[in-house]
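Please treat every number below as a calculation from the coordinates, not as lab data. Keep in mind it's a predicted model, so treat the numbers as computed, not measured. In this analysis, Cβ positions are derived from the backbone assuming ideal geometry, glycine residues included, and neighbour counts consider all displayed protein chains.
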Amino acid sequence: MKNIIAQCLLCGSMAIGLWTVLLIAYFHYNEETRQLKKTQEPIKARSLGKNVYRQNHDSEETPKQNIKDKTDVLDPGFEQYGLNAVISRRLGIMREVPDSRDKLCHQKHYPFNLPTASIIICFHNEEFHALFRTLSSVMNLTPHHLLEEIILVDDMSEIDDLKEKLDYLLELFRGKIKLVRNKKREGLIRSRMVGASRASVWLEPLLHAIDNNHKMVVCPVIDVVDETTLNYTAAPIVRGAFDWNLNFRWDNVFSYELDGPEGQSKPI
């Protein structure tokens, strides 16, 4: 009798365990499907001409991402991606960022008929949402008439999300985005050269400077995204430079270089 009861309890426990696993798999699948649909719907409706400059011009502060618990900080994605993948997934593939430019920049006007630009984005095993946020920001914040194309160079990524899933979503941007997959690992600089070789043309302030002097090499100021909180921080006014070992670095700009009516909006 005791053996029968024990066998019944064992079978019952196994059945409960099996149903639990099936329910977890079911809800996980539904959540993944819901997230995928959520990310696809706004993209399908997007038009480059309608979504230019979607920065928050009225706010000088950046929305902060809250760390809810220790699991947000002890995210295993740090080891794989070098950033907080939990918060990155929470942010999704679209993110509005504040306009961090100096107020004088809003008063500048550039010629409409500037050369168009090819934008090259290289990646290797990048966190999917972070990569797509970069892509969507370029699409939404670049004037449509200046953006010739975006060239994505995949330097032999091994993550599944960066294969069929990426191919599928890029179909929604067909015509503006080219995806190049390296057949072997090339590294950052060679991957950039691969992208440059596929570019058909040579962005507003940058293009204006090049239009005035075709020998000029231009470099934008790059804002900072914290790898732990993914909070967005405006970068100070700096210039790119090289030390005596030919290592690239950012140097501070002297205050007297920013004197004059243009202030911090003046190209350095």
How large is ³J(HN,Hα), in whole Hz, for each residue of the stretch 173-180 in order, when computed from phi with the Karplus curve 6.51 cos²θ - 1.76 cosθ + 1.60 and θ = phi - 60°, using x for Gly and Pro? 10, 3, x, 9, 10, 10, 10, 10
Starting from the stretch 212-268, pick out the GluC sites (Glu not before Pro) whose DSSP state is loop and whose Cβ has at most 14 other Cβ atoms within 10 Å. Glu227, Glu262
Excluding Arg239 itself, calculate the net charge of residues whose Cβ lies under 13 Å from the Cβ of Arg239, where each Lys or Arg counts +1 and each Asp or Glu counts -1. 0
Return the distance in nm (one decimal) between the two label points of a simple spin-label model at Glu171 and Met216, each offset 7 Å from Cα along Cα→Cβ. 4.3 nm
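Taking 30 Å as R0, compute the FRET efficiency from the Cβ-Cβ separation of Gln80 and Val224 and round it to 0.05.
0.90
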What are the chymotrypsin sites (Phe, Trp or Tyr not before Pro) within the stretch 107-137 that DSSP puts in a loop, where the Cβ has at most 16 other Cβ atoms within 10 Å? Phe112
Just want the ordering: Met216, Met193, from fewest to most Cβ atoms lying within 10 Å of their own Cβ. Met216, Met193
Where trypsin sites (Lys or Arg not before Pro) fall in DSSP loop in the stretch 110-174, at most 16 other Cβ within 10 Å: Lys163, Arg174
Take the Cα atoms of the stretch 75-223, find their three principal axes, and give me the spread along each one in whole Å, biggest first. 45, 34, 27
Sorted by Cβ neighbour density within 10 Å, fewest at the top, the residues Ile222, Ile87, Ile268: Ile222, Ile268, Ile87
Could you please rank Val238, Val194, placing first whichever residue has the fewest other Cβ atoms within 10 Å of its Cβ? Val238, Val194
For Arg181, other-chain or 5+-apart residues with amide H closer than 5 Å (H placed, Pro excluded) are Asp154
Report the calculated FRET efficiency for Arg239 and Ile16 (r = Cβ-Cβ distance, R0 = 45 Å), to the nearest 0.05. 0.10
Starting from 0.36 nm per residue, how many nanometres of slack lie between Met156 and His109 once their C-alpha separation is accounted for? 12.8 nm
At 7 Å along Cα-to-Cβ for each site, give me the label-to-label distance between Arg89 and Leu246 in nm. 4.3 nm
